[in-house]
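Taking it in order: structure first as structure tokens, then the write-up.
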Amino acid sequence: MMMEKIKSDLIAAQKNKEENKVSTLRMLVAAVNNKAISKRALIAGQEPGLSEDELAKKSELSDQEIVESIFSEAKKRREAAREYEKGGRSELAQKEKQELEILSSYLPAQMEEEEIRKLAAEAIQKTGAESNKDIGKVMGVLMPQTKGKADGSLVGRVVKELLQGK
């Protein structure tokens with residue numbers, strides 16, 4: 001369902017001659033296809049003897065897996081824009097930001113920092129974490145709840161702040 005929307009938006013962008021959107025969506029389709037190929041290879045290795053039809057059905061990506069790919073691509077754009085700005089290449093940073101904006105339109109609404117703080121506090125209480133040594137435990141509980149809805153670096157920063165306040 002998510003992939004159909006991306007592909008129909010790609011066709012519309014091609015018709016409207018929106019070059020930046022076309023290149024961004026093509027890159028996204030390629031990233032999703034690569035993830036599907038990896039999943040297919042993994043399943044084929046784990047379950048030899050599957051028919052082509054069974055393998056194709058099992059290796060289809062869910063909308064959640066597609067969102068994970070989009071989130072990953074968005075993170076790459078965010079980091080690239082930051083690095084270009086550090087290097088004084090504002091025109092390249094701007095291009096990355098435009099791609100990030102296009103990708104972000106396919107992501108679910110991102111969690112607010114306050115909501116992350118609340119979930120992090122609950123995870124800290126649940127795991128009994130007391131210091132920065134326990135960040136891994138807390139993140140292990142918290143990341144499945146925030147996956148695709150919050151940037152991992154923001155979640156990590158919030159957890160560190162809460163643990164340092166203890």
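For this structure, a couple of remarks:
- To the nearest ten degrees, helix 19-46 and the longest principal axis of the Cα atoms of the chain are 80 degrees apart.
- Length-normalised contact order for the chain - Cα pairs under 8 Å, 6+ apart - percent: 18 percent
- Where labels lie 7 Å past Cα in the beta-carbon direction, separation of residue 68 and residue 33 in nm: 2.1 nm
- Debye, to nearest 20: dipole size of region 2-104, +1 on Lys, Arg Cβ, -1 on Asp, Glu Cβ: 360 debye
- Size descriptors for the chain (Cα atoms only): Rg and Dmax, in that order, 19.3, 56 Å.
- Residue 153-residue 15 FRET efficiency (beta carbon distance; Förster radius 30 Å; 0.05 resolution): 0.20
- Lys/Arg +1, Asp/Glu -1 at C-beta; the chain dipole; positive extreme among 98, 50, 67: 98
- Residue pairs exceeding 23 angstrom between C-alpha atoms, taken from 35/75; 17/86; 39/126; 126/147; 17/147: 17/86; 39/126; 17/147.
- Projecting the Cα atoms of 24, 34, 6 onto the dipole axis of region 1-110, where Lys and Arg carry +1 and Asp and Glu carry -1 at the beta carbon, places 24 farthest toward the positive end.
- Remark: the residue 104-residue 83 segment gains 5.6 nm on full extension, using 0.36 nm per residue and subtracting the alpha carbon distance.
- In plain terms, the chain from residue 135 to residue 92 could stretch by 12.0 nm, reckoned as 0.36 nm per residue minus the Cα-Cα distance.
- Mean-position separation - Cα centroids, region 97-147 and region 11-88, in angstrom: 23 Å
- Segment residue 52-residue 162, extension gain: residue separation times 0.36 nm, minus the distance between their alpha carbons: 34.6 nm
Bear in mind that the values in this text are calculations on the coordinates, not laboratory data. Owing to the predicted nature of the structure, the values given are computational and were not obtained by experimental measurement. Using ideal geometry, Cβ is built from the backbone for each residue, glycine included, and neighbour counts are taken over all protein chains shown.
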